[in-house]
Amino acid sequence: MSSPLLEVEGLRVAFGDAEPVVRDVSFSLTPGRVLALVGESGSGKSVSAMSVLGLLPPEAHVSGSIRFRGEELVGATADQLRAVRGAGIGVVFQEPMNSFTPVLSIGTQIAEAVRAHPTGLHRAEVSARIDELLRSAGLTDPERIRKAYPHELSGGQLQRAMIAMALAGDPVALIADEPTTALDVTVQAGILDLLRRLGRERGLAVLLITHDMGVVADVADEVLVLRRGDPIEHGSVAEVFAHPAADYTRQLLAAVPSLEARGGSETATNEPSLVAAADASRASRPLVAQLRDVAVRYGRRGEPTVSGVDLDLHAGGTVGLVGESGSGKSTIGRALAGLVPVVGGSVEVDGSDLRTARGKRLRELRSRVGIVFQDPASSLNPRQTIGWSIAEPLLVHDAASADSRADHVRELLTAVQLDPSWAERFPHQLSGGQRQRVAVARALALRPALVIADEPTSALDVTVQAAVLDLLSSLQQDFGFGMLLISHDLAVVRQLADEVVVLRDGRVVERGTTDAVLDDPQQDYTRMLLAAAPVADPVRQAARREAWRAWEGVAS
């Protein structure tokens, strides 16, 4: 094995006079190998990684030892750190849309990274270098990508462009901070495949920061588990996943939603009689919303984004809507909420068509639909208390007096397992999981017949995700609402949904009971989606990775 490029020993990080947020963390990075830092939000993963390059704010106090190629970085000058950043160690940040400047083209921004480390390249050579970097990141149309602005690219393309920028200085190590969060399963599989290839071809040492144990099983060689700043367990991925020594590691692995059938087998059979009984049970529940031959088009010209979609949503039942980014999942959710113009078909809520409803009746129908958005940090008003955010639907629809609104807010906070006294807190004072609970409470404020949950757990770590999923399931039993679950995470769909509808390019390609579709898919595209979803088992994941590559070729 090669000698380590980066050696971190006894790392401690504190902000101001507060208690250290990272304590006695040690690890090393070796060429061609991937070390995963895992743990819940607040465990110190990103702080540990950013301390390596001196990217923490001035009030951060870093002690211990960080040696890169034998050179000590703790206490290094700005010039010494600048020489390491990019040329020695590249960084791939979590949110590429937030990392790129929106008013500059992708090529302009990568060119800045190229010129940050003088190479003597002329202008034409810089453009050629950018195209080379974009190709190495798996982008087959580099000239178009170079000229594009961030908003003109998909999430997967942006993340690949971010990787290209990180490679601009020919680094020998790479820090990848949650590089696949919120990406759909096929794009995630492609990014992970790219990281593996770069490590193999360039001999990169990779530090992967993630909360997704399936991603760790897929791409990492070693894993370091952190909890509240303390190292809990460190070892090879194969050993830690097969025989976790720490209770906390076992809790993280147990919290991962499973793709396996609820009966316990990933290849469970679906007896026709059982399927028919499930269909009859769903049909007996009251219908809360219905789509028939729905088409949605953005703008006056072009092909519809969504076309020919039929859905039935029943009280107490959940339909899982799955597919890649751009397949039309969120568009269908917005059509059900009356937020996008429907150009064909009908959208019925509580027996009335949203397309023909006007005035008071339209407001009433919209009050029957609650929405839980993907990112609670951006969907809650940062200037208002969480109590105000929960009460806002009551204010908009003039549904209660001031005193009863306050009582209702307290009841909803209790229902989502938050302290009612927190009504006076602001969103920034809550964790990601707590903010998502507030978003659920707001969605239920008007006692809706239908809840649209649009990627409700994609940005949450595994333990928080498990708690939010349990909460949604429990609240559905208590409130009886129907739910449209929009998700790229098939394990989440397995846990919550009764029925699965698979979308591709705005059309339904497969549908059926959850067990029928996920255990015995009939379409190559569905098989490819399933194979792309990582599982928290290194041995099984290696086989699934090969299956994904095979099905990807067939489905395309």
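Some notes on this structure:
- Where a residue in the stretch 182-195 is closer than 19 Å to A491 by Cα and its partner, wherever it lies, is among the β-branched types (V, I, T) and in a helix (DSSP H, G or I), with Cβ under 7 Å and at least six apart: L183/I191; L192/V215; L192/V219
- Selection of the stretch 214-230 for residues being in a helix (DSSP H, G or I), out of contact with any Leu (no Cβ under 6 Å at 6 or more places or on another chain) and of a type in the set (A, V, I, L, M) yields V215, V216, A217.
- Output for the stretch 464-498, where each listed residue is over 21 Å from the mean Cα position of the chain (by Cα) and open to solvent by less than 10 Å² (accessible area, probe 1.4 Å): L475, F481, G482
- From the options A246, A164, residue that is farther than 26 Å from S458 by Cβ and either open to solvent by less than 10 Å² (accessible area, probe 1.4 Å) or free of Cβ contacts under 8 Å to residues at least 40 places away in the same chain (or both): A246
- Failed criterion for G326 (all others in (1) part of a helix (DSSP H, G or I); (2) touching a Ser or Thr at 6+ places or on another chain (Cβ under 8 Å); (3) open to solvent by 20 Å² or more (accessible area, probe 1.4 Å) hold): (1)
- Residue that is part of a helix (DSSP H, G or I), touching a residue at least 60 places away in the same chain (Cβ under 8 Å) and over 24 Å from S307 (Cα atoms), where the choices are A491, A467, A445, A536: A491
- Residue within the stretch 416-432 that is aromatic (F, W, Y), open to solvent by 20 Å² or more (accessible area, probe 1.4 Å) and under 26 Å from the mean Cα position of the chain (by Cα) present: yes
- Lone unmet requirement of (1) touching an Asp or Glu at 6+ places or on another chain (Cβ under 9 Å); (2) of a type in the set (D, E, K, R); (3) assigned to a strand (DSSP E or B) for E510: (1)
- Residue in the stretch 146-162 that is nearest to T181 (Cα to Cα), counting only those that are in a helix (DSSP H, G or I) and more than 21 Å from the chain's Cα centre (by Cα): R146
- Qualifying residue in the stretch 197-204 (condition: within 30 Å of R12 (Cα to Cα) and open to solvent by 40 Å² or more (accessible area, probe 1.4 Å)): no
- Odd one out for Q436 among (1) within 30 Å of G345 (Cβ to Cβ); (2) in contact with a strand residue (DSSP E or B) (Cβ under 9 Å, 6 or more places away or on another chain): (1)
- Among the residues of the stretch 199-243, those that are more than 23 Å from the chain's Cα centre (by Cα), of a type in the set (A, V, I, L, M, F, W, C) and within 20 Å of V91 (Cβ to Cβ) comprise L204, A205.
- Of all residues in the stretch 134-145, those that are touching a residue at least 12 places away in the same chain (Cβ under 8 Å) and outside any loop (DSSP other than H, G, I, E, B) have Cβ atoms under 6 Å from Cβ atoms of residues that are open to solvent by 70 Å² or more (accessible area, probe 1.4 Å) and not aromatic (F, W, Y), 6 or more apart or on another chain, in P142/R135.
Conditions tested, residue by residue: (1) farther than 16 Å from L444 by Cα; (2) at pLDDT 90 or above; (3) of a type in the set (K, R).
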residue	(1), (2), (3)
D353	yes, no, no
R366	no, no, yes
L380	no, no, no
I390	no, yes, no
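- V493 being of a type in the set (A, V, I, L, M, F, W, C), at pLDDT 90 or above and more than 23 Å from A467 (Cβ to Cβ): no
- Among the residues making up the stretch 513-533, those that are buried (at least 17 other Cβ atoms within 10 Å of the Cβ) and assigned to a loop (DSSP other than H, G, I, E, B) are P521, A533.
- In the stretch 471-483 there is no residue matching the filter, namely being among the small types (G, A, S) and more than 28 Å from L446 (Cβ to Cβ).
- Reported count of residues in the stretch 377-408, each being assigned to a helix (DSSP H, G or I) and in contact (Cβ under 8 Å) with a residue 24 or more places away in the chain, is 11.
- For V501, the test of being free of Cβ contacts under 8 Å to residues at least 40 places away in the same chain and either outside any helix (DSSP H, G or I) or open to solvent by less than 10 Å² (accessible area, probe 1.4 Å) (or both) is failed.
- When the stretch 401-415 is filtered for residues that are among the aliphatic types (A, V, I, L, M) and surrounded by fewer than 19 Cβ atoms within 10 Å (Cβ to Cβ), the ones remaining, listed by number, are A402, A406, A415.
- Consider the stretch 339-376 and keep the residues that are part of a loop (DSSP other than H, G, I, E, B) and among the charged types (D, E, K, R). The one that is most open to solvent (accessible area, probe 1.4 Å) is R358.
- Among (1) in contact with a Pro (Cβ under 6 Å, 6 or more places away or on another chain); (2) crowded, with 24+ Cβ neighbours inside 10 Å, the one test that L158 misses: (2)
- Per this entry, I386 is not counted among residues that are touching a strand residue (DSSP E or B) at 6+ places or on another chain (Cβ under 6 Å) and open to solvent by less than 30 Å² (accessible area, probe 1.4 Å).
The values are calculated or read from the model by the stated rules, or taken from the named source; none is laboratory data. Not measured: the values here are computed from a predicted model. Reconstructed Cβ throughout: ideal geometry from the backbone, glycine too, with neighbour counts over all protein chains shown. Please note that ligands, DNA and RNA were not included when accessible areas were found on the heavy atoms of the full protein model with its side chains. Shrake-Rupley method; radii C 1.70, N 1.55, O 1.52, S 1.80 Å.
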